[in-house]
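Everything below concerns the one structure shown next.
The values are calculated or read from the model by the stated rules, or taken from the named source; none is laboratory data. Every value quoted in this text rests on a predicted model; they were computed, and no experiment measured them. All Cβ positions, glycine included, derive from the backbone under ideal geometry; neighbour counts span all protein chains shown. The accessibility values were calculated without ligands, DNA or RNA, using every heavy atom of the protein model including side chains. Shrake-Rupley method; radii C 1.70, N 1.55, O 1.52, S 1.80 Å.
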Amino acid sequence: ALGVPPAELAGPADSVAFSVSKGLGAPAGGLLCGSREYVARARELRGWLGGSLHQAGVLAAPALVALGRLPDLAADHETAAALASGLASVPGVEVMRPPRPTNMVMARLAGLPPDACAERLAGHGVGVLPLPNGHVRFVTHRAHDMIGVRAAVRALAAVAATVPQDRPTAPAWTEEA
């Protein structure tokens, strides 16, 4: 998403591990990258700890497809930014702004716990993950577009409309005779 080759980002490190299922579209799996000696030692330690993967090819094929999708991450980040802006326009919604672009958006709806918010959004066809910090997490990926962004914003607006907001009460006026 940064427009920088992964090898350049990883260059200063001895090893790098990353998931190919987070935003890249593979159903599962992660990669450990390093020198031949480093990876050989990791495999040896994995074996000592009882870890093995007999059908590695089943995960390797979608991982290779996912790696080809690296340049597309920037579009996911743009979709998430549009979602964040749309959600922030809903009264009563607070959107957490991350320091770097990401395909995740965390939002909190005042007056509604995250579990209840997730349940109500699910009723509108929007899946989110309730978080312990009071937010719900939205995640964008290649299957989401601006139509989906607008639908998610409408769904949260509909949920927000059902939550009583603290409103200042009008002063009691009395008439003097």
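Calculated mean residue ellipticity at 222 nm for the chain: -12500 deg cm²/dmol, from DSSP H runs with n ≥ 4 weighted as -39500 (n - 2.57), summed, divided by the residue count and rounded to 500. Length gained on full extension, Ile147 to Ser21: 43.0 nm, using 0.36 nm per residue less the C-alpha separation. Ranking His141, Ala28, Gly92 by how far each Cα lies toward the positive end of the dipole of the chain (charges on Cβ) leaves Ala28 at the top. Using Cβ point charges alone (K and R +1, D and E -1), the dipole size of the chain about the Cα centre works out to roughly 560 debye. Taking a ≥ b ≥ c as the square roots of the Cα gyration tensor eigenvalues, with a/c under 1.5 meaning rounded and otherwise prolate when a/b beats b/c, else oblate, which class fits the stretch 1-47? Judged from the Cα gyration tensor, the stretch 1-47 comes out oblate (a/c at least 1.5, b/c at or above a/b). When the P(r) of the chain is calculated, the portion above 21 Å amounts to 61% of the C-alpha pairs. In the chain, the sites counted are GluC sites (Glu not before Pro) in DSSP loop states with at most 11 other Cβ atoms within 10 Å, and the longest stretch holding none of them, exclusive of the sites, is 1-174.
A simple charge model with +1 on the Cβ of Lys and Arg, -1 on the Cβ of Asp and Glu and nothing else charged puts the dipole of the stretch 67-129 at about 120 debye relative to its Cα centre. Seen from a random direction on average, the alpha-carbon convex hull of the stretch 19-96 projects onto 7.8 square nanometres. On a per residue basis, the chain carries 67 Å² of accessible surface, using protein heavy atoms and a 1.4 Å probe. Per-atom-type breakdown for the chain gives carbon and sulfur 60% of the accessible area (1.4 Å probe, protein chains only).
All Cα-Cα separations within the stretch 72-139 were binned at 10 Å from zero, giving a P(r) of 22, 54, 22, 1, each value a whole percent of the pairs.
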